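Written below as structure tokens is the structure these notes are about.
The values are calculated or read from the model by the stated rules, or taken from the named source; none is laboratory data. Note that the structure is a prediction, hence the values are computed from the model and not measured. Here the Cβ is made from the backbone with ideal geometry for all residues, glycine too, and neighbour counts use every protein chain on show. For the accessible areas, the whole protein counts, side chains as well, though only heavy atoms, and no ligand, DNA or RNA atoms are used. Shrake-Rupley method; radii C 1.70, N 1.55, O 1.52, S 1.80 Å.
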Amino acid sequence: SNVISGNAADGVAIISVNPGVNGNGNIVQGNFIGTEPGTVYNAEGNGGDGVSIETTGEGSGGINNVIGDAPSASVTGAGNVIGFNGRNGVVVFSDIGADNTGNAILGNSIFENKLLGIDLGNDGVTPNGSHAGQSGPNDWQATPIITSAVVNNNVDGASVVIAATLDSLPNTTYRIDFLQDVAADASTSREYLNFLYMKTVTTDATGNASFFANFFTHGSGVFTATATDPTGNTSEFSLPAQPPVVNPLV
């Protein structure tokens, strides 16, 4: 519950500068980064990124850091609130070609940052397949693709059924996190306020998985997802899905 806000540069910077000074194995959980504390997140953004995991100079590192949940579990209170920062919410990159892998970014609320919610490579949205076969930040983990989402309002509240696919490594089990916001970001930032639901899916021998998720929501809005592999490599946010609403309550 640290408040890391209003700084001129990054809120949290995990930096590998040279061999022997490696930004590995750090845990950042339950903090307010760029906001004031509480349930109404007033803006108090940092001038740079909310959280930056970077390798520079002669460094080697940026490996196996946890921003929010640990990869194998969803822990109450582990997620960070990361908002209103002057660059990305969370960025993973190297300016010298280091891989910077195994960085789990899970269970957080990431919103209203100037650039992306999650940026692998510090270069904007990374399309799936654009770095096929290449090493790089979080192994360029592919995002899920949401193919449909339907919200159903009933007397017990609102629920959503999401259909999605993932094209990644074969015969591998991934953690899929679903998030929601009240409206799609008008830019390409792909940022979403509420972490809602986590499930695991396993790809087939060709690296493909098709799956459904059914969970309670905060009502109508847009949905996105991230994928995280067994070694903690989390993707950027997927393209948003704006679902139709079935049986809207008046």
Per the Cauchy relation, a quarter of the hull surface: what is the mean projected area of the convex hull of the alpha carbons in region 16-74, in nm²? 5.2 nm²
For Kirkwood radius over Cα pairs in Å, several values are listed as (i) 20.0; (ii) 19.1; (iii) 18.1; flag the one computed from this structure. (iii)
Among DSSP beta bridges whose residues both lie in the chain, state the antiparallel percentage, nearest 5. 60 percent
Of every hundred units of 1.4 Å-probe accessible area on the chain, the number belonging to carbon and sulfur atoms, as a percent, is 53 percent
Report the FRET efficiency, 1/(1 + (r/R0)^6), for Thr172 and Leu239, where r is their Cβ-Cβ distance and R0 is 25 Å, rounded to 0.05. 0.65
Can you give me the pair-distance distribution of region 39-154, C-alpha pairs, 5 Å bins, whole percents? 2, 11, 18, 20, 20, 16, 7, 3, 1, 1, 0, 0
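Over the chain, give the accessible area per residue in Å² for a 1.4 Å probe, as an integer.
43 Å²
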